[in-house]
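Presented below is the structure to which this report refers.
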Amino acid sequence: MRPFAYARATTAEDARAEHAMAWDGDGDGNGAHYLGGGTNLVDLMRLGVEEPSKLVDVTRLPYDRIERDADGTLLIGAAVTNSGLAADWTVREEFPMLAKAVLSGASGQLRNLATVGGNLLQRTRCPYFQDTSKPCNKRAPGTGCPARDGENQNLAILGHSAACVATHPSDMAVALMALDASVRVLGRDGERTVPLDDFYRLPGDEPRHDTTLDRGDLITGVVVPPLRMPAVYRKVRERASFAFALVSVAAALEVRGGTIQDVRLALGGVAHKPWRARNAEDVLRGAALTGEALARAADAELAAAEPLRRNGYKVPLARNLIVQTLTELGEGR
């Protein structure tokens, strides 16, 4: 592991100042990193994937609370642990889909350390990204993407590019995408709020960047508007626990008189970012709740899928999971 400096920030301004002072070597982005729980970052440092010159500890900043506004909007501090989020009474009662998604990720020990801000910034588990002996455009721009023709059975079917076919690993972020959540970010021009769909990037020609954050930006929290319809999170994985999604679905559905009034749908395990299934939503709004309509919506979303040599199974898997999840929601199960 490369030697690094360490600083513990007591205020957000201190954190940004410490970050700005870090040396960035050849400008490759390995200057300072903010350190929360470190459950992903430290692993990547051990692998040599991340080599920060400085870690800025932000665990003492005052972002460890969950609050609710009078209108039902939820504000989740970036330093709230995943275990704390899943156990919060308001989250469990009013946003059970979010609690279920958090509990679907990692192990209890990791959730006790991992923070909400860090969860949003997880890096892909693509095996080529994590193996520094292999080329990888996300880790070393311009070296290529061997995953396109290699071990790609767990990688993307939507939104990928010639440069990268990696998937985003977070369960929590998929649920937040369906909840229309936004991220609060403190940057050089003050605090701003970024819709989650704009927070994440597709790989394009620059897969190195997972998000639209600027250098030194600090996540301070997540804003979740109230949800007034039944919702659920479903995850398909290779084993029953401690495994990343092959495909996951976060869905919310409002039905009156057999007609779909509103729907939210997001997919995990299929793209470089949590994938908001807006084509499927458009097909479903105003449609009768029938198996035919649900299948038609799933097909509309997956029409853009470009499966790789070993992950074509994800297309029917995603289709079936969408239809089954929405069917059960519509039936009140």
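The values are calculated or read from the model by the stated rules, or taken from the named source; none is laboratory data. These numbers were taken from a predicted model, which means no experiment stands behind them. Don't worry about glycine lacking a Cβ; one is built from the backbone with ideal geometry, like all the others, and counts go over all protein chains shown. Areas reflect the complete protein model, heavy atoms only, side chains present, ligands, DNA and RNA absent. Shrake-Rupley method; radii C 1.70, N 1.55, O 1.52, S 1.80 Å.
Remarks
- Enumeration of residues in the range 79-102 that are in contact (Cβ under 8 Å) with a residue 24 or more places away in the chain and either more than 18 Å from Gly36 (Cβ to Cβ) or not hydrophobic (A, V, I, L, M, F, W, C) (or both): Thr81, Asn82, Ser83, Thr90, Val91, Glu94, Phe95, Pro96, Met97, Leu98, Lys100, Ala101
- Matching option when the condition is over 26 Å from Gly312 (Cα atoms) and either aliphatic (A, V, I, L, M) or crowded, with 22+ Cβ neighbours inside 10 Å (or both), among Leu158, Leu176, Leu202: Leu176
- Taking the criterion of being in contact with a helix residue (DSSP H, G or I) (Cβ under 6 Å, 6 or more places away or on another chain) and either of a type in the set (Val, Ile, Thr) or in a loop (DSSP other than H, G, I, E, B) (or both), the residues of the range 177-211 that qualify are Ala181, Val183, Thr211.
Residue-by-condition table, conditions (1) surrounded by 22 or more Cβ atoms within 10 Å (Cβ to Cβ); (2) at pLDDT 95 or above; (3) touching a strand residue (DSSP E or B) at 6+ places or on another chain (Cβ under 9 Å):
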site	(1), (2), (3)
Ala78	yes, yes, yes
Thr90	no, yes, yes
Leu120	yes, yes, yes
Asp131	no, yes, no
Gly142	no, yes, no
Ala147	yes, yes, yes
Gly150	no, yes, no
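- Residues in the range 263-279 that are open to solvent by less than 40 Å² (accessible area, probe 1.4 Å) and in a strand (DSSP E or B): Val263, Arg264, Leu265, Ala266, Leu267, Gly268, Arg276.
- Of all residues in the range 38-97, those satisfying the criterion of being part of a loop (DSSP other than H, G, I, E, B) and in contact with an Asp or Glu (Cβ under 6 Å, 6 or more places away or on another chain) are Ala79, Val80.
- Residues of the range 312-331 that turn out to be surrounded by fewer than 20 Cβ atoms within 10 Å (Cβ to Cβ) and of a type in the set (Ser, Thr, Tyr), as a count: 2
- Val247 vs. criteria under 20 Å from the mean Cα position of the chain (by Cα), over 22 Å from Val194 (Cα atoms) and open to solvent by less than 10 Å² (accessible area, probe 1.4 Å): yes
- Of all the criteria given as (1) more than 27 Å from Pro203 (Cβ to Cβ); (2) in contact (Cβ under 8 Å) with a residue 40 or more places away in the chain, the one not satisfied by Val247 is (1).
- Total residues in the range 46-73 satisfying the condition of being farther than 18 Å from Ala32 by Cβ and among the acidic types (Asp, Glu): the figure is 4.
- Total residues in the range 319-333, condition touching an Asp or Glu at 6+ places or on another chain (Cβ under 8 Å) and among the aliphatic types (A, V, I, L, M): 1
- Any hit, the range 288-301, residues being of a type outside the set (Ser, Thr, Tyr), open to solvent by 30 Å² or more (accessible area, probe 1.4 Å), in the same structural domain as Val249 (by the TED database) and within 24 Å of Leu155 (Cβ to Cβ): yes
- On inspection, Ala101 fails the criterion of being buried (at least 22 other Cβ atoms within 10 Å of the Cβ) and part of a loop (DSSP other than H, G, I, E, B).
- Scanning the range 104-114 for residues that are modelled with pLDDT under 95 and buried (at least 22 other Cβ atoms within 10 Å of the Cβ) turns up Gly105, Ala106.
- Scanning the range 212-245 for residues that are among the polar types (S, T, N, Q) and part of a strand (DSSP E or B) yields a count of 1.
- Hits in the range 127-159 - residues which are in contact with a Pro (Cβ under 7 Å, 6 or more places away or on another chain), closer than 29 Å to Arg111 by Cα and not hydroxyl-bearing (Ser, Thr, Tyr): Lys138, Glu151, Ile157
- Test: residue in the range 267-285 that is in contact with a Phe, Trp or Tyr (Cβ under 8 Å, 6 or more places away or on another chain) and farther than 23 Å from Pro96 by Cα: yes
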